[in-house]
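Below is one structure, written out as structure tokens; the observations come after it.
All of the numbers you see were taken from the coordinates with simple rules; none came from a lab. It should be emphasised that the depicted structure is a prediction, and the values quoted were computed from it without experimental measurement. Note that each Cβ is placed from the backbone with ideal geometry, even for glycine, and that neighbours are counted across all protein chains shown.
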Amino acid sequence: MKLAGLGTALAVVYTAVAQGKHIKVYADETRPRLQGAKLTAWELQKLGVPSTLITDNAAAFLMQQGRVNAVLVGADRITLNGDVANKVGTYGLAVVAKHHGVPLYVAAPTSTFDFEMVDGKDIPIEQRSGREVTHIGDTQIAPDDVTVYSPAFDITPHELVSAIITDQGVLRDPYRPEIEALKAKWESSLSAKASF
């Protein structure tokens, strides 16, 4: 599966649609940067994929109503044990999905794996500008001088991940042996390229 040219997590959606599968996507807005509203919703529209934009907080309610069959997220970093760092809010989706028996899939290219990091507890979490929370564009939506906590990412433990979809295949728990095999394959391909 090609994960780069089509985007990462959305490559899975596009491939399913190309195979004739009838799917509908609920796209989270992805606060505070609104990547889901600005980019994901636009890409889905352009490709004609039936989709509905929702607030991040609506996802749990949709799962409670039985209207979600699977959760699909991307990743910014994946450790050897399968812990996943992704946009903040991913961990919450994973917990709610587990509660409702909805599988959570991570789609990421091999380059996303940190083959030197054993688990997610050591992943540094960037703190974003408070202005991203207190403002939407130039419009202030919060009181002056309010204290803001705005992590850019969170860590989803591997126990909450049903599978990791990569450009080299689908990985399932226990992740470490599969990720170590992926590492060996990755390093082999890099050394083969370097020898030319």
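Ignoring trypsin sites (Lys or Arg not before Pro) that are buried or in helix or strand per DSSP, and keeping those with at most 14 other beta carbon atoms within 10 Å, what is the longest stretch of the chain between them?
The reported range is 68-171.
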Exercise. How big is the chain by Rg and Dmax over its Cα atoms, in Å?
Worked result: 17.8, 59
For this session: For a footprinting-style exposure proxy, rank V170, V161 by other Cβ within 10 Å, fewest first.
Result: V170, V161
